[in-house]
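Down below is the structure, laid out as structure tokens.
Read-outs throughout are calculated quantities, based only on the coordinates presented, and are distinct from any laboratory measurement. Every value quoted in this text rests on a predicted model; they were computed, and no experiment measured them. Cβ: placed from backbone, ideal geometry, glycine included. Neighbour counts: every protein chain shown.
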Amino acid sequence: MSAAEVRGAEITFDDFVTATAGRLLRTAVFLVYDRYLAEDLLQIAYERVARRWRRLADGDPEAYARKVLVNLAIDENRRRTRRPGTPSGSAADLERLAEASSGAPQVPMPARGDLDEVLRALPAKQRAVIVLRYWCDLSEQEIAETLGISRGTVKSHTARAMAALRERMGDEHMREGRA
């Protein structure tokens, strides 16, 4: 079931979880770069959706779940900066998730140490904007609503993140060319 079919359809919470689990888990993995932490955050997000299901079922419960998930990921990133040395996984876990999810697109994973490392180095909000924009295909307005920021802030986060990605990816490729 696609996101559009979930939105506004009369479905049960169990149907909602089944329809959105793959998309939201992949989003969470990109946000925190740790498969197991992503699963934990998604579980918390689903718990919060379940508590508000009566109000959310008629609207867009996936948008609410995504907003909760992004906020949890940003909070977790702050906790990790206060606790350096916390182990984390890799976005390579996404390949296994894509294979396990029925109907999920097979996304080629970046080479280890390439895009994966560059995305991981971005500040949490910039990474969230990039993931929501290019992975979840949300509009600037939807991202602004999800993160609770203005469209202008979304644009500036996107511009800064893309500049950092271009710079770091260019540096990586230039170093490889010289070696």
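Sequentially through region 57-71, phi angles give Karplus couplings (6.51, -1.76, 1.60; θ = phi - 60°) of 4, 7, x, 10, x, 5, 5, 5, 4, 5, 4, 4, 4, 5, 5 Hz, Gly and Pro residues having no value and appearing as x.
Once backbone amide H atoms are built at 1.01 Å from N, residue 138 has 133 as its partners under 5 Å, excluding neighbours fewer than 5 places away on the same chain. Evaluating 6.51 cos²θ - 1.76 cosθ + 1.60 at θ = phi - 60° for every residue in region 115-131, the Karplus couplings come out as 4, 3, 5, 5, 4, 4, 7, 5, x, 4, 5, 5, 4, 4, 4, 5, 5 Hz, glycine and proline recorded as x.
Taking other residues whose beta carbon is less than 11 angstrom from the beta carbon of residue 132, and scoring Lys, Arg as +1 and Asp, Glu as -1, yields +1.
Peptides 16-27, 152-163, 125-136 ranked from most to least packed by the mean count of surrounding Cβ atoms within 10 Å: 125-136, 16-27, 152-163. Sequentially through region 35-49, phi angles give Karplus couplings (6.51, -1.76, 1.60; θ = phi - 60°) of 4, 6, 5, 4, 4, 5, 5, 5, 4, 5, 4, 5, 4, 5, 5 Hz, Gly and Pro residues having no value and appearing as x.
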